[in-house]
Amino acid sequence: MYKVVLARLRAARKDTGMVTSEYAMGIVAAVAFAVVLYKVVTSGAVSAELQGIVKQALDARM
């Protein structure tokens with residue numbers, strides 16, 4: 001039993017530095033996705049469609 005616990009502790013120490021790099025890659029991917037989404041939303045056709053939806057929602061009467 002002691003050997004199993006010791007082996008798990010040694011294995012856990014080997015992955016200690018990977019957590020920061022994984023977070024960094026996640027942040028880079030999220031920023032890239034945000035940039036692509038921003039470009040799509042600010043394009044002419046999508047922007048006009050979104051403005052039409054907002055205008056229609058504001059003009060709606062109950």
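Values in this text are rule-based calculations from the coordinates and carry no lab data. All values reported here derive from a predicted model rather than from experimental measurement.
Could you go through the stretch 30-47 in sequence order and give the Karplus-derived ³J(HN,Hα) for each residue, using 6.51 cos²θ - 1.76 cosθ + 1.60 with θ = phi - 60°, rounded to whole Hz, and x for Gly and Pro?
5, 5, 4, 5, 5, 5, 4, 4, 4, 4, 5, 5, 8, 5, x, 5, 5, 4
When every alpha-carbon pair in the stretch 17-59 is counted, what percent end up more than 18 Å apart?
On the way: 474 of 903 pairs.
When all Cα pairs of the stretch 17-59 are counted, 52 percent exceed 18 Å.
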